[in-house]
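Computed from the coordinates by the stated procedures, all read-outs in this text should not be read as laboratory data. Quick caveat, the model's predicted, so the values are computed rather than measured. All Cβ positions, glycine included, derive from the backbone under ideal geometry; neighbour counts span all protein chains shown.
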Amino acid sequence: MNPIYTQAKFINSSPHLKDTPADEGLEVAFAGRSNAGKSSAINTLTRQNALARISKTPGRTQMLNFFEISPQRRFVDLPGYGYAKVPLAVKQKWHELMETYLTHRKSLCAIILVMDVRHPLTEFDWQMVEWCRHTNLPLHILLTKADKLTYGAAKNTLLQVQNELKDIHFPLSIQLFSSLKKTGVDEVHKALDHLFNLVNQDQENSREA
């Protein structure tokens with residue numbers, strides 16, 4: 001495991017793009033439904049119990065939450081979508097905030113899309129997949145709460161999701177994950193290392209060209 005992830009620290013929460021940290025370096029954003037386990041995944045990956053806020057009430061992540069992993073590298077916890085019991089006007093604000101961030105944030109280098117293994121590829125998940133495909137932004141999918149299924153059932157779901165996405169050609173990877181059992185953590189760390197390093201290499205190649 002790369003030790004940089006355990007050194008993560010909270011930077012700020014922002015309801016507007018103008019209040020976010022300087023748009024430089026590299027950011028990996030975590031997206032997913034409000035009850036899919038985004039915050040739990042961030043805490044597990046950083047080995048910190050309370051870095052990202054966890055609530056039994058879906059929809060508590062209502063702003064862009066930034067975490068410094070190392071100088072010039074950050075995680076961003078995006079507002080959860082699709083489930084939270086909040087007024088429609090609030091949901092619309094979250095949607096606009098996410099769309100503005102995804103469209104205009106230059107330091108965004110990859111998306112971690114968090115899906116409950118029992119309810120994968122919802123309409124909102126497909127929208128995120130299509131957005132990443134359209135922009136050719138690397139995407140790593142976590143099928144979370146894998147401990148809720150038997151190993152065989154979880155593996156079958158993984159194969160089904162892989163099959164549904166097999167004809168979508170852009171940087172895409174998928175895995176099983178459980179914050180409770182701490183399974184899949186090393187695999188995510190390797191994926192994150194690859195995503196960060198892949199972008200660094202692309203930037204260096206562009207400067208050399």
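Placing +1 at every Lys and Arg Cβ and -1 at every Asp and Glu Cβ, with all other atoms neutral, what dipole size does the chain have around its Cα centre, in debye to the nearest 20? If you can, show how the numbers build up before the last one.
Values: 25 positive and 21 negative charges, 183 e Å.
With only Lys, Arg, Asp and Glu charged at Cβ, the dipole is about 880 debye.
Across all directions of projection, what mean area in square nanometres is found for the Cα convex hull of the range 3-203?
Values: hull surface 42.2 nm².
Result: 10.5 nm².
Count the net charge of all other residues whose Cβ sits under 14 Å from the Cβ of ASN2, scoring Lys and Arg as +1 and Asp and Glu as -1.
Values: positive: ARG47, ARG73, LYS190; negative: ASP186, GLU187, ASP193.
Here the charged neighbours net out to 0.
Counting other beta carbons within 10 Å of each residue's own, what order do ASP116, ASP167, ASP19, ASP193 fall into, fewest first? Walk me through the numbers on the way to the answer.
Working: ASP116 20, ASP167 6, ASP19 11, ASP193 14.
Result, fewest neighbours first: ASP167, ASP19, ASP193, ASP116.
Per residue of the chain, what 222 nm ellipticity follows from adding -39500 (n - 2.57) for every DSSP H run with n ≥ 4, rounded to the nearest 500?
Values: 5 runs with 77 residues, N = 209.
For the chain, the value works out to -12000 deg cm²/dmol.
What net charge is computed for the residues neighbouring ARG73, neighbours being all others with C-beta under 13 Å from the C-beta of ARG73, Lys and Arg scored +1, Asp and Glu -1? Write down the numbers at each step before the final one.
Working: positive: LYS9, ARG74; negative: GLU24, GLU27, GLU68, ASP193.
So the surrounding residues net to -2.
Going by C-beta contacts inside 10 Å, put LEU195, LEU143, LEU159, LEU102 in order with the fewest on the left. Write out the running numbers ahead of the final one.
Details: LEU195 22, LEU143 25, LEU159 11, LEU102 18.
Starting with the residue having the fewest Cβ neighbours, the order is LEU159, LEU102, LEU195, LEU143.
As I understand it, the dipole of the chain uses +1 on the Cβ of Lys and Arg and -1 on the Cβ of Asp and Glu, about the Cα centre. Which of LEU142, THR44, GLN127 lies farthest toward its positive end?
Most positive-ward Cα: THR44.
Nearest 20 debye, what's the magnitude of the dipole of the range 110-191 about its Cα centre given +1 on Lys and Arg Cβ and -1 on Asp and Glu Cβ?
Details: 9 positive and 9 negative charges, 64 e Å.
Dipole size: approximately 300 debye.
Which one of THR100, ASN35, TYR5 is farthest out on the positive end of the charge dipole of the chain, using unit charges on Cβ (Lys, Arg +1; Asp, Glu -1) and the Cα centre as origin?
Ranked along the dipole, the leading option is ASN35.
Only Cα pairs under 8 Å and at least 6 apart count here; give the relative contact order of the range 3-203 as a rounded whole percent.
Working: 351 pairs, mean separation 43.4, N = 201.
Contact order relative to length: 22 percent.
Going toward the positive end of the dipole of the chain, with +1 on Lys and Arg Cβ and -1 on Asp and Glu Cβ, which of ILE168, ALA89, ASN197 do you reach last?
It is ALA89, whose Cα lies furthest towards the positive end.
With loop defined by DSSP as not H, G, I, E or B, and exposure as at most 11 other Cβ atoms within 10 Å, which is the longest segment of the chain clear of exposed trypsin sites (Lys or Arg not before Pro)?
On the way: sites that count: LYS56, LYS85, LYS106, LYS166.
For trypsin sites (Lys or Arg not before Pro) (loop position, at most 11 other Cβ atoms within 10 Å), the longest site-free span of the chain is 107-165.
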